[in-house]
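One structure is given here, and the rest of the page talks about it.
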Amino acid sequence: MTRSGKFRRMLREAVELFLVPGMAAFLPWGLTFRLFRWLSKYPFLYDADCRLALAHASKCIPVADPQAWLFERRLTTLVDHADCYLSLSRSDAWIRKHLQVDGEWAGPGQAALLLTFHWSAGMWGLRHARSVGLSPHMLLAKGPHVPSPAGLYARLRTYAVARATGNAAFPVPVRNAAEPERTPFDFPRMERLYQDKHQLLAVIDVPPDQVGESVAVRVIGHRAHAPIRLLRDARQRQIPIVVYRTGLDLRTGRRRLVIRNIPPMPNEQELADAVFRELNEALAESTAAWHFWAIAPRFFARGSL
C-alpha cells in the first residue's frame, strides 16, 4: 500500500471508529440517533464492509431491497461502535430509559455460562447483567496490537467491555489454518470462575478455524459449525446456560434485551441446536444486523452456500 493509501485508510478508520460514533458520548441519545439515521442513508460509512456483507448475504437469503438492507447494516454498525462510548459515559440510569428487557438472567450468586452472538449491538446486555448483580468474565480473542486507529479502537473496546462487566477480559487463543494455536485455553481459570460462582461469557458464533472442536448446526437453513467445548463442559458440570441478544429499534434507537435460559439437554448436539435456534430467531428479526456476513464463507460449511 502506498503512503497516501495508508493515510486514507487510517483517516477512514479514525472517522468511522472515533469521530462519528464518538459523538454519542457528548450528545443526548435521541439527537445522536436521529443524526446516525441520517448519516446511514449515505454509503461513505463502512461501505466496503457493508457491500461485502451484502454480497455474501445474498447467497444465503433473499434480499428484496438491497439499499434498505445496507442502510440497516450501516446504522447497526454505527450504533454498535457508538455503544463503546455510551457505555463509558452513561450510568445505569440509561438502561432504565432506553432498554426493554424480555426474560431473566440466571440468579446472581451462581455459576453460569452466558452466550451471545455477533448480532446487533450487545454492549448494553453486558451492562444489564452487571447491574442485576452478575459478575461475568467475557472471553475475548487477543490479537496483535496494530499501531493504527483500528488497533487503538480495539484496545478501547476491550477496556469498555471490562468496565461494563466489572472484570478483565478472559483472553482466549486465536486459531486459524495459517497459524496454529500457540497458547492453550486456560481451563483451570474457567474452573475457578465457576467455583467462585461467577459467570463465563462467550460469543458463540465463531468460525471453526478459530476453535478446536465443533459440531454441525443449521443457521438460516444452511449448515454451519458451532464450538462445542464450552457447551460440553457446562453440561457435564451442570452449569446453567443462558443465551441473550440485544436488538435495536431502527426507528427510535431503543434496545431490546432478550434473555433465554436453555433447559438441560441429553447431549451436546441437542444443546448446540437449542443455542443456535436463538441465533436463527435473531436473524429472523434482522439479517443485516449479523456482523459476520463479511466472513460468512468461513462460518458456513463448505458447499452449503
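Since every read-out is calculated from the coordinates, none of them should be taken as a lab result. Computed from a predicted model, the values in this text were never measured in an experiment. Note: ideal-geometry Cβ built from the backbone for every residue, glycine included; neighbour counts use all protein chains shown.
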With a 10 Å radius around each residue's Cβ, average the other Cβ atoms per peptide and rank 197-207, 97-107, highest first. 197-207, 97-107
If you take the charge dipole of the chain about its Cα centre, with +1 on Lys and Arg Cβ and -1 on Asp and Glu Cβ, which of Ser214, Phe36, Ala288 is farthest toward its positive end? Phe36
Pair Glu285, Arg251: separation of 7 Å Cα→Cβ label points (nm): 1.6
Once each part is reduced to its C-alpha centroid, what is the distance from region 17-86 to region 120-167 in angstrom? 20
Once the Cα gyration tensor of the chain is found, what semi-axes does its equivalent ellipsoid get, as square roots of 5 times the eigenvalues, in whole Å, sorted largest first? 29, 23, 21
Nearest-20 debye value, the chain charge dipole, Cβ charges on Lys, Arg, Asp, Glu: 780
If N is the number of residues in region 213-263, what value comes out of its Cα radius of gyration divided by 2.2 N^0.38 Å? 1.52
Charge sum, other residues only, whose C-beta stays under 10 Å from Glu285's C-beta, Lys/Arg counted +1 and Asp/Glu -1: +1
Pairwise label distance in nanometres, Gln67 with Arg9, each label 7 Å out on the Cα-Cβ vector: 3.2
May I ask which residue of Ala141, Gly109, Met23 lies farthest towards the positive end of the charge dipole of the chain, with charges of +1 (Lys, Arg) and -1 (Asp, Glu) on Cβ and the Cα centre as origin? Met23
At R0 = 51 Å the Cβ-Cβ FRET efficiency linking Arg302 and Lys197, nearest 0.05, sits at 0.80
Length released on extending from Lys142 to Gln269, taking residue separation times 0.36 nm less the Cα-Cα span: 42.9 nm
